[in-house]
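The values are calculated or read from the model by the stated rules, or taken from the named source; none is laboratory data. Since the model is a prediction, treat every value here as computed from it, not as a measurement. Please note: Cβ atoms are built from the backbone with ideal geometry, for glycine as well, and neighbour counts cover all protein chains shown. Please note that ligands, DNA and RNA were not included when accessible areas were found on the heavy atoms of the full protein model with its side chains. Shrake-Rupley method; radii C 1.70, N 1.55, O 1.52, S 1.80 Å.
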Amino acid sequence: MEIERAIMLKEEVAARYKQIQDEICRGLEIADGKGKFEEELWERNGGGGGRTRIMQNGAIIEKGGVNFSAVHGKLPEAVKKAFNVTEDDFFATGVSIVIHPNHPLVPIIHMNIRYFELNETTRWFGGGIDLTPHYVFENDARFFHHKLKKACDEFNPDFYPKFKTHADDYFYIKHREETRGIGGIFYDRLKPENTNLSWEQILDFSINVGETFLPIYTELIDRNRDKEFTEQHKEWQYQRRSRYVEFNLVYDSGTKFGLETNGRIESILMSLPPQANWGYNVQPAVGTEEYETLQLLKKGINWV
């Protein structure tokens, strides 16, 4: 009976994640007003596949990916060691989103919701949402974190402070001593034993996180898309994008997992921006907008 429930959960998770992908793509096309997602269906050597959806050169979204995958097969030895497991057969499904706007005052956003299992006893949910503004606007940051706290509090009042701290620690560029953005929530290995929730409730929480994405990001787009910007703003945007690239290629566990499990390269690296600049030793002058943003790229800021 437990095995049957595990199989049913696996199928339900994948179906509901597909629905989340559909809803977000429709909503982002409406919010952008011009761009359309192009879909590419793919199959993974070894088992499973996915739906990669990419928007390029929209009215506000310069490059955005909303990807769904459900893959299975044999775990590589390196991943087995990292997960501290001995089983070979795995199943993983999730939705992964990264949006790079063309407007420097509209933030980059990332979301990932996922489910992983080896067997009916070794399985968990993970995910989160984080925001990477090129320029940090404190009202936007408070709005963003307030919405995430509300989504968490519906299931467990301990979730937001715990997952917010985890995001601060995870989305940290150690070699720069700065956070990638203003954080958000990040969680991993959620299961009944560490949440006091059933598997079905944890799935509902995962879906709730997914459904929080669209109202948050459409609001942030609408708040900032009509603001005027200068060439200096664009240069800073390209500079901040380079930090995004550094984090994803050096530290991001999803990128590493995808590459080590023979994932689809284009889908894994869709998170990278279309253009980024690495200026040498860029040091904004004290008191500038750029300098003030750097002062807010730190761990432990209480936005709520």
From the cross-link list 63/149; 18/298; 18/256; 164/256; 18/74, the entries with a Cα-Cα span beyond 32 Å are 18/298
With every protein chain kept in place and a 1.4 Å probe, the stretch 1-121 has an accessible area per residue in Å² of 46
In whole Hz, the Karplus estimates of ³J(HN,Hα) for the stretch 195-204 (6.51, -1.76, 1.60; θ = phi - 60°; x where Gly or Pro) are 10, 6, 10, 6, 4, 5, 5, 5, 4, 4
If every Lys and Arg gets +1 and every Asp and Glu gets -1 at its Cβ, then about the Cα centre the stretch 168-304 yields a dipole, in debye to the nearest 20, of 320
For the chain, averaging the sequence separation of alpha carbon pairs under 8 Å that lie six or more residues apart and dividing by its residue count, the contact order in percent is 17
If R0 = 25 Å, then residue 121 and residue 154, at their Cβ-Cβ distance, give a FRET efficiency to the nearest 0.05 of 0.35
Interchain or sequence-distant (5+) residues whose placed amide H lies within less than 5 Å of the amide H of residue 180 are 172, 173
Of every hundred units of 1.4 Å-probe accessible area on the chain, the number belonging to carbon and sulfur atoms, as a percent, is 49
Residue-normalised 222 nm signal for the chain, counting each DSSP H run of n ≥ 4 as -39,500 (n - 2.57), nearest 500 deg cm²/dmol, is -14000 deg cm²/dmol
Sorting 281, 94, 233 by the position of each Cα along the dipole of the stretch 1-296 (Lys, Arg +1; Asp, Glu -1; all at Cβ), the one nearest the positive end of that ordering is 281
Note on the stretch 74-143: C-alpha Rg/Rh, Kirkwood Rh, two decimals, gives 1.18
FRET efficiency (residue 174, residue 86; Cβ distance; R0 30 Å; to 0.05) is 0.45
Cα extents of the chain per principal axis, largest first, Å, are 62, 39, 36
Across 281, 102, 112, the residue with the highest GNM fluctuation in the chain (Cα network, 10 Å cutoff) is 281
Treating only Lys and Arg (+1) and Asp and Glu (-1) as charged, each at its beta carbon, one finds that the chain has a dipole about its Cα centre, in Debye to the nearest 20, of 380
